[in-house]
Amino acid sequence: MRRVKSLSIASAAAATPESLLAEAEDYERRHPHDVPGMQERYLLVSGADPSLANPVVRKALDRVGELEGRLKDAYRVLRDGDPDALEGMTDVRIKGMVTVVARDLASRDPAVRERAAKTLGLLSHAEGIHALKKALDKEEEGACVEASLQALVLIGGKKGADAIGDFVGHERHSGAALGAMIRMTARNPVDRRIAAKEMSRWMSARDEGLWERMMTALRGLGVDGLHGLAACCDRNTTPARLVAVIKELSRTKEPAVARVLARYFRPGGAPGDEAIRAAALDAVRTMAKKENLGEAVIPHLFVGLRHRETRYQTTLLLQELTGKDFTVKNWGSWSAWWKSTHPGWTEDGEGK
């Protein structure tokens with residue numbers, strides 16, 4: 001089978017969505033039967049700009065969805081088998097095929113390794129994840145690296161995203177892995193949210209450029225990106241990066257974000273603690289402005305009253321935002337007051 005030269009994720013990252021779409025359409029005209037190659041190139045468009053607001057990106061993702069249904073035909077091309085080979089196949093048989101194909105990941109021939117990785121992606125069975133990770137860790141051929149990561153993208157789900165995220169600290173593959181995670185957000189709504197959360201692992205990336213690329217990608221993912229940014233708060237990182245994430249969260253239209261920010265109202269003596277606390281307080285103030293979210297933020301701050309280390313600062317902020325004078329000692333009065341004026345509200349924060 002003729003090998004198609006794989007695209008370089010690094011070089012694609014510097015291109016525009018328009019140029020990448022043009023290249024993908026040109027490749028489709030020249031190689032109409034290479035479904036994996038076409039899908040790979042259309043997915044790179046979203047890698048350059050993950051925002052669904054871009055009509056060029058939406059057009060590319062629509063084509064990705066159409067090609068997804070033809071992957072079985074691509075599998076026939078790869079294995080020279082029956083085009084309906086996967087139809088009705090039992091899980092046991094697919095696992096057996098994964099085991100056989102995975103052996104080729106250890107081949108000395110890069111072409112064989114690349115083909116094996118692509119086939120595992122087309123099989124899209126979680127059984128292939130371990131073999132792909134093991135081979136990818138030692139892989140040095142660019143085409144094989146990208147084929148292995150794309151296989152994990154096609155397998156998808158929590159296990160696929162987690163496997164990709166494990167390469168965040170890899171000396172050679174961290175950047176390519178982030179590109180794969182971004183492409184995974186383009187597959188379907190479930191994978192989109194999973195990948196957005198797992199992308200937060202690049203909060204600890206040694207390369208500042210990769211961290212910035214993660215932030216750009218999450219900004220373009222709308223509500224799902226918001227979940228990713230919130231997950232960033234659970235990662236080990238530098239104070240400066242955490243402050244940047246907090247400032248980004250202040251732009252949200254989701255009042256529940258205040259619950260995440262309230263954890264940073266605690267005092268601390270470590271370097272950067274004061275800057276983090278100040279950023280969190282300012283973020284909530286921004287969210288609570290009338291032109292933004294207004295009073296909808298208030299009940300989501302009550303979580304800060306339940307913990308002694310954040311109670312004092314939360315009380316001061318609530319006094320500032322509401323004009324009420326409930327004290328630290330009477331912290332339970334806040335929820336009672338809110339419930340009296342908002343009958344639909346419940347203690348767990350649900351309702352109006």
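In loop segments of region 157-248 as defined by DSSP, the GluC sites (Glu not before Pro) with at most 12 further C-beta atoms inside 10 Å of their C-beta are 171.
Extension gain, residue 95 to residue 341: 0.36 nm times the residue separation minus the Cα-Cα distance gives 82.7 nm. If you plug the beta carbon distance of residue 51 and residue 327 into 1/(1 + (r/R0)^6) with R0 = 41 Å, you get a FRET efficiency near 0.35. In this calculation the C-beta distance from residue 274 to residue 171 is compared with R0 = 30 Å, giving a FRET efficiency of 0.30.
In this simple spin-label model, placing a label point 7 Å from the Cα along the Cα-to-Cβ direction at both residue 292 and residue 219 gives a separation of 1.6 nm.
Give the lysines whose C-alpha is closer than 25 Å to that of residue 339, dropping any in the same chain fewer than 8 places away, or say none. Residue 339 reaches 253, 289, 290, 324, 329, 352. Between residue 282 and residue 306, residue separation times 0.36 nm minus the direct Cα-Cα distance comes to 6.6 nm. Residue order for 94, 246, 298, fewest other beta carbons within 10 angstrom first, comes to 94, 298, 246.
Overall, the ratio between the Cα radius of gyration of the chain and 2.2 N^0.38 Å, rounded to two decimals, is 1.18.
Dipole orientation for region 232-335: of the candidates 331, 246, 312, 331 has the Cα lying most toward the positive pole (charges on Cβ; Lys, Arg +1; Asp, Glu -1). Among the listed pairs 134/158; 133/158; 59/95; 95/197, those with a Cα-Cα distance over 26 Å are 59/95; 95/197. Would region 147-298 count as rounded, prolate or oblate if I go by the C-alpha gyration tensor, calling it rounded below 1.5 in a/c and otherwise prolate when a/b exceeds b/c, oblate otherwise? Cα axes put region 147-298 in the oblate bin. GNM remark for the chain: springs join alpha carbons under 10 Å apart, and the peak mean-square fluctuation among 241, 193, 172 falls on 172.
For region 217-275, a crude dipole built from +1 on the beta carbon of Lys and Arg and -1 on the beta carbon of Asp and Glu, taken about the Cα centre, is about 80 debye to the nearest 20. Using the Cβ of residue 331 as centre and a radius below 11 Å, the other residues enclosed give a net charge of +4, where K and R count +1 and D and E count -1. With R₀ set to 56 Å, the beta-carbon distance separating residue 130 from residue 29 gives a calculated FRET efficiency near 0.90. Remark: spin-label model distance residue 138-residue 66 equals 4.2 nm, labels positioned 7 Å along the Cα→Cβ axis.
Fully extending the segment from residue 16 to residue 108 would add 29.6 nm, taking 0.36 nm per residue of separation and subtracting the current Cα-Cα distance.
No value in this document is a laboratory result; all are computed from the given coordinates. For clarity, every value in this text was computed on a predicted model and none was experimentally measured. Positions of Cβ are generated from backbone atoms using ideal geometry, with glycine treated the same way; all protein chains shown enter the neighbour counts.
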